[in-house]
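A.B. asks: The structure's right below; bear with me while I get my questions together.
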Amino acid sequence: MAKTLKRGAAFAALARAMTAGARGGPSLGARIGALPRMIAATARGQYDGGLRLAMMTAATAYIVSPIDAVPEMFLTVFGLIDDAVMVTWLAGAVLAETERFLEWEARRSNVVPGHVVR
């Protein structure tokens with residue numbers, strides 16, 4: 001239970017940091033809204049994010065799983081460090097991949113199949 005509360009607080013702080021630190025990039029809402037479209041485009045084979053999505057899914061499963069590689073009960077600080085590293089990596093991966101997807105989506109909407117753009 002305490003682990004869940006700590007993770008919830010960490011996610012809330014991360015969300016505040018991401019919305020406050022936007023420097024002209026897509027907003028957090030745009031990024032979150034892009035996730036289902038990114039998953040669907042990847043499933044249809046249109047977008048090449050399969051491996052990255054699989055890694056993000058594995059990281060999410062590790063974070064929310066009650067089974068840890070380094071248990072907090074026995075190794076207190078070191079047990080929390082592995083979770084913090086995973087949350088940090090996952091946040092960075094989601095930010096980078098959603099930005100990449102939104103750029104791909106914008107370029108794609110400018111392309112008309114069968115027409116040459118000069």
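Here, each number is a calculation from the coordinates, and none is a lab measurement. Quick caveat, the model's predicted, so the values are computed rather than measured. Using ideal geometry, Cβ is built from the backbone for each residue, glycine included, and neighbour counts are taken over all protein chains shown.
A.B. asks: Would you mind computing the Rg to Rh ratio of the range 51-109 from its alpha-carbon coordinates, Kirkwood style for Rh?
C.D. replies: On the Cα set of the range 51-109, Rg over Rh gives 1.16.
A.B. asks: Provide the packing ranking of 82-90, 43-51, 56-64, i.e. peptides ordered by the mean count of other C-beta atoms within 10 Å per residue, highest first. Walk me through the numbers before you get to the answer.
C.D. replies: On the way: 82-90: 15.6, 43-51: 12.1, 56-64: 13.9.
Ranked by mean Cβ neighbours within 10 Å, highest first: 82-90, 56-64, 43-51.
A.B. asks: If you take every residue apart from Arg37 with its C-beta less than 14 Å away from the C-beta of Arg37, what net charge results, scoring Lys and Arg +1 and Asp and Glu -1?
C.D. replies: Value of the local net charge: 0.
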